[in-house]
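The structure appears below as structure tokens.
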Amino acid sequence: LILHLNPLQEALQEGGDRNWRGVGAAIAQLARNFPLPIIVKEVGSGISAEVAQRLADCGVAAVDVAGAGGTSWAAVEGRRAGDAAGQELGEVFRDWGIPTTDCLIEIHRILPSLPLVASGGIRSGLDGAKAIRLGATLVGQAGALLPAAMRGTEAVIMHVTEWATALRIACFATGSRNLGELRSAALI
């Protein structure tokens, strides 16, 4: 089960939920009692090492950092706002958040065994390779895939094939025979 955290989006959204008291306790209770693993993700503002530590202490199975660099939900909420002030706030917070790479580096440093999903600004197989090298277990992509999805199945297949080719080239260029070796390759 994947739970998403979106405090900035809620703060900017008309009628958004700004009462987050007890969220940590609820996540911990769910992690203890739910029969499936609990993954917690952000939605474009990133997760700090401190928050990741608290989530790990709650017993979550993995964290999707969903860092800044991809879709800005602040900007989306700004566009949806019914007034100029709401639109301006969306623009003010457009670039808010911790970049995905920073999230990965900081979280992996203090929680090396916590599975991490890298999403947010992942546009290519090279971005995916970098994320894996920085500690990601999995990589997610949405925004860069959507234009291909709008063109149809063949375009999606081409996009994913190009993505995989770039990942293979990154492995080759770092002397990595597989993703396990890429995880410990020299940083370039």
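Derivation of every value follows stated rules applied to the coordinates shown; laboratory data play no part. Since the structure is predicted, the reported quantities are computational estimates derived from the model, not experimental observations. Heads up, the Cβs are rebuilt from the backbone with ideal geometry, glycines too, and the neighbour counts pull from every protein chain shown.
Under the convention that each Lys and Arg Cβ holds +1 and each Asp and Glu Cβ holds -1, the size of the dipole of region 2-141 around its Cα centre is about 440 debye.
For region 66-124, a simple Cβ point-charge model (Lys and Arg +1, Asp and Glu -1, everything else neutral) yields a dipole of about 240 debye relative to the Cα centre. Each peptide in 177-187, 107-117, 54-64 receives the mean, over its residues, of other Cβ atoms within 10 Å, and ordering these scores from highest gives 54-64, 107-117, 177-187. Ranking Q13, G67, I105 by Cα position along the charge dipole of the chain, where only Lys, Arg, Asp and Glu carry charges on their C-beta atoms, puts I105 farthest toward the positive end. When you restrict to C-alpha pairs under 8 Å that are six or more residues apart and normalise by the size of region 2-141, the relative contact order lands at 23 percent. Panel values: region 2-141, Kirkwood radius from alpha carbon pairs, Stokes-Einstein at 4 °C and 1.567 mPa s, translational diffusion coefficient 84 µm²/s.
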